[in-house]
Amino acid sequence: MTAKTLTQMAVEVLTTADGREKTALSHKYAAEWFAARAAGTPLPVGEAEPPLRPARPEKPELLDPRDVPRRRPGSPEGRKAILHAVAHIELNAVDLHWDIIARFGHIKMPLGFYDDWVKSADEESKHFNMVCDCLEAMGSHYGALPAHAGMWRAAEDTVHDIMGRLAVVPMVLEARGLDVTPGMIKIFQNAKETATIEALEVIYAEEVGHVAYGSKWFHFLCGRHELDPKDEFHALVRKYFHGALKPPFNEEKRAEAGLPPDFYWPLADDIPNKPRDS
Ligand SMILES: [Fe+2]
Ligand SMILES: [Fe+2]
């Protein structure tokens, strides 16, 4: 057993560059955290200094999103490109969940806050490995294609604002994942790629939890500071998120995750498409 604090563990994950190594360490530390919790002797959270940006492998090459080549989703190459982009998102998600733990160690939070983000980080680690396995089974691998360079921007923009972080990362970016994953699953169903469909179904189910944790702790902090959650959410997303939210929204899954329509519709850029019955 290590005598490490949770925030030290988080920094170790953040400073590990290789994806498979990072996710193995993430899984190991999650298991240690939950074993100590189950034994009634929780590890100290402590305080640590996370890097501004996590360590990244030499490959993939990180490009401006405009320069990442687009491929037809119907082709095998297009499907590899989609999965590669998903692997990149999952790796960033591992770091985002450990980063919220390490970055805001100075803010006193209930232990349940750490339980939720450690569990999320562990799930993201599994997602990364599942998607990498699928890529490898298709004769590709993570690093074979260029990837999106802007993925860490939300973290940097909210480096001093835990509520801004919760608003933008789980409640906007991960919620967006709920909107787009069913379409992605359809692409792989059309291609009858069973292993990938199964991996995406696991991701889709577990991501609802991450959005829900975001909403839960956002509401908790609003309560602590006597702020109106909806107004605060709108103000923080407008402050830190660059651009409008894109409908169509997955209202079903967003509702399951504790995101009501009046949180996200006023931030959408396409109000005329708003369903008439809402
Ligand atoms: Fe994920
Ligand atoms: Fe997630």
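The values are calculated or read from the model by the stated rules, or taken from the named source; none is laboratory data. Quick caveat, the model's predicted, so the values are computed rather than measured. Note that we place each Cβ from the backbone using ideal geometry, even for glycine, and neighbour counts take in every protein chain shown. What goes into the accessible areas is simple: the full protein's heavy atoms, side chains included, and nothing from ligands, DNA or RNA. Shrake-Rupley method; radii C 1.70, N 1.55, O 1.52, S 1.80 Å.
Before we move on, is residue 125 at pLDDT 95 or above, open to solvent by 10 Å² or more (accessible area, probe 1.4 Å) and polar (S, T, N, Q)?
Answer is no for this residue.
Checking the structure you have, find out if any residue of the stretch 188-205 is out of contact with any helix residue (DSSP H, G or I) (no Cβ under 9 Å at 6 or more places or on another chain) and not basic (Lys, Arg).
Looking for residues that are out of contact with any helix residue (DSSP H, G or I) (no Cβ under 9 Å at 6 or more places or on another chain) and not basic (Lys, Arg), one finds at least one in the stretch 188-205, hence yes.
May I ask you to verify whether residue 265 is in contact with a Lys or Arg (Cβ under 7 Å, 6 or more places away or on another chain) and open to solvent by less than 30 Å² (accessible area, probe 1.4 Å)?
The answer is yes for residue 265.
Which of the residues spanning the stretch 31-45 are open to solvent by less than 60 Å² (accessible area, probe 1.4 Å) and within 18 Å of residue 104 (Cβ to Cβ)?
33, 42, 43, 45
Please specify each residue of the stretch 77-106 satisfying the condition of being open to solvent by 20 Å² or more (accessible area, probe 1.4 Å) and either of a type outside the set (Lys, Arg) or near ligand 1 (Cβ under 10 Å from one of its atoms) (or both).
77, 81, 82, 85, 89, 96, 106
Going through the stretch 152-173 one residue at a time, which ones are away from ligand 2 (no atom under 13 Å from the Cβ) and open to solvent by 40 Å² or more (accessible area, probe 1.4 Å)?
Across the stretch 152-173, the qualifying residues are 153, 156, 157, 160.
From the list 115, 122, pick out the single residue that is more than 14 Å from the chain's Cα centre (by Cα) and over 16 Å from residue 88 (Cβ atoms).
115
Within the stretch 107-122, can you find the residues that are open to solvent by less than 20 Å² (accessible area, probe 1.4 Å) and within 11 Å of ligand 1 (Cβ to nearest atom)?
Answer for the stretch 107-122, where residues must be open to solvent by less than 20 Å² (accessible area, probe 1.4 Å) and within 11 Å of ligand 1 (Cβ to nearest atom): 120, 121.
Collect the residues in the stretch 179-207 that are more than 18 Å from residue 123 (Cα to Cα), in contact (Cβ under 8 Å) with a residue 60 or more places away in the chain and more than 19 Å from the chain's Cα centre (by Cα), keeping them in residue-number order.
187, 188, 190, 191, 193
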